[in-house]
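Input: a single structure, listed below in structure tokens.
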Amino acid sequence: MDSQHWRATITAAQSGDRQALDELVAGWLPLVYNIVGRALNGHADVDDVVQETMLRAVGNLGSLRDPDSFRSWLVAIAMRQIRDRARRRTAERLEEAPAADFAELTVLRLQLEGQRREVAEAARWLDDEDRQLMSLWWLEVAGELTRRELAAAVGITRQHAAVRVQRMKERLETSRGIVRALDGACPDLRELTGRWNGRPDSVWRKRLARHIRGCGYCGGTHETVVPAERLLAGIALVPLPVGFTLSLAFGGKTAVAATSAGWSAKLLGALTKPAVAMTAGATMVAGGAYVVTQPPDAPPPRAAVTPTATATSEPPPSATPSPSPTPSPSAKRKADLYGTVVDGVDRAPDPDARPAALPRRPESGITSTGGPKAVMQHRGDSVTLSGRGYVLVRWQISPHARPGAVVMPTWTGLKGKLFHVASGGSRRMDDPLPGAPNGYATGMGGPDIGYAVLPPGTQQMWQNEYFYVDGTVTLTQNERGCDYGIAVFPSDWQAVDKDVNEGPDQGAIHYGLVRDTGTDSAPVPQYVTRSTPADPATVPQRSRV
């Protein structure tokens, strides 16, 4: 949300630009719909709460001082509307069944299976406060929100948020056990649930949890239970339902709100005219109403459509990793392609396998805007590299600070050539770390602290990744989900060759990996482009340069 494009869009909308307002509303509507829908589990009031949230955001946009805080501000408005709705509802109406079960909608629209389906369905068993918190935490681990934004939306400190999230996750895991048990064939459980009306609530959650703890059949599991944050990492937003309507210009309330924000009469008039929104699948029709036009049989989206989406990626070409560290050749035109992207996920090499010889490329030296050692720990940090020579990018994953989806760093504005020549540091980041402190099992995290999860099909990185630059390119850190840092060092052939062949005397897990062939068929990174996008995190995963 700190990209130049969205700052400009918000600023333009505040000053009365109708097209910018259309883009703003259309771009953020799916995020609000997912928060409200999951917090209320699809209750009939979801549409009203989404409507009121967007209405208040539009009506008070002029009071927003910092465009960079728009997402936090919008999410906080949504949470206030959810809590206000709970206070307004009478006990009788609160007992009404959901109009459209959001858990079921999530499973169907995203085609979730296995343990991902289990997590979605377990949300039904959470109490209102836990479900509200989960609606934010789900988006945090999916890379759509930060922990700071989650805490601000709930109105608590980050430390308190960590405690609240941990307790909610414990109840979620209990609920996942209930979903698994109900899918089973335990005769005692069938007898117990004979008196149940089929609607999840806290009373039956406790009863079923007690049964599962004391039942050998229900308490056992036939598969490894994957932590929920790993299952949800990088998952798409649930798309708006067909026929969903959001009116921002009907009635005097909207006009009053817009006038109080200081918008021009020209903008108010424009809101009542037909327009096309800036998001595929939604159209703005007369009266300022957004209507989803996606056909009911359209396939689920592969990635979130909001401007907070993680780096663009496609699913892996195959569920089976490539047997060789060398990527398969790619058809290319010599005029505009010089290499093949690293688009096959390698198996970890044999610890005793020696790497191939590293070809020596011409070196005249690399200059870096970050100096001899640029440390990039925050989203938006970048370094521009120029010259001809080798560069080391050293990884530090920090799931203990915040686990979840990793939004990969990207290479943009490439002029010349860029190759991924070798991997070193004596270990891959997913190698086991015997005796590691702080709950780590591998460099990507552990069951006690959660895991850093790569986008599907992304090459697993090593501690040290080496590249060869012949020209100019900018590397940007795009952290949105899991915390991570990368350090960038200009290097040379001797240092690369030593790293991949020797490693430390103690603690080496396996030798390095050489990708470079010394020709223009050597691989290029997965996230690289010659363009300079407003948001570097949107660089396609399988780049062709």
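Can you sort Ser72, Ser426, Ser521 by solvent-accessible area, 1.4 Å probe, largest first?
Greatest to least solvent exposure: Ser521, Ser72, Ser426.
Name the shape class, rounded, prolate or oblate, that the alpha-carbon gyration tensor gives for region 38-83, where a ≥ b ≥ c are the square roots of its eigenvalues, rounded holds for a/c under 1.5, and otherwise prolate holds if a/b is larger than b/c and oblate otherwise. Kindly include the intermediate steps, with their values, before the conclusion.
Numbers: a/c = 3.36, a/b = 2.01, b/c = 1.67.
In terms of gyration-tensor shape, prolate.
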Legend entry - Heavy-atom accessible area ranking, 1.4 Å probe, most first, across Ile397, Ile509: Ile509, Ile397
Inset, instruction - Would you work out which of Val345, Thr367, His378 lies farthest towards the positive end of the dipole of region 334-378? Charges go on Cβ: Lys and Arg +1, Asp and Glu -1. - result: Thr367
Inset, instruction - Assuming R0 = 41 Å, can you tell me the calculated FRET efficiency for the pair Ser15 and Val203, based on Cβ-Cβ distance, to the nearest 0.05? - result: 0.15
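Quote the FRET efficiency, to the nearest 0.05, computed for Asp188 versus Ile509 with a Förster distance R0 of 30 Å and r equal to the Cβ-Cβ distance. Don't skip to the end; give the middle numbers.
On the way: r = 47 Å, r/R0 = 1.56.
Approximately 0.05, to the nearest 0.05.
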Inset, instruction - Step through the residues of region 60-65 one at a time and calculate ³J(HN,Hα) from phi using the Karplus curve (6.51 cos²θ - 1.76 cosθ + 1.60, θ = phi - 60°), rounding each to whole Hz and writing x for Gly and Pro. - result: 10, 4, x, 8, 6, 7
Inset, instruction - Net charge near Gln459: determine it from the other residues with C-beta under 12 Å of the C-beta of Gln459, scoring Lys and Arg +1 and Asp and Glu -1. - result: 0
Legend entry - Arg379 - accessible surface, heavy atoms, 1.4 Å probe, Å² rounded to 10: 60 Å²
Legend entry - Cβ-based charge dipole, region 121-216, positive-most Cα from Met168, Ala209, Trp125: Ala209
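The values are calculated or read from the model by the stated rules, or taken from the named source; none is laboratory data. The shown structure was predicted, so the numbers you read here are calculated from the model rather than taken from an experiment. As a convention, Cβ positions derive from the backbone with ideal geometry for all residues, glycine included, and neighbour counts pool all protein chains shown. Note: accessible area is taken over every heavy atom of the protein model, side chains too, but ligands, DNA and RNA are not part of it. Shrake-Rupley method; radii C 1.70, N 1.55, O 1.52, S 1.80 Å.
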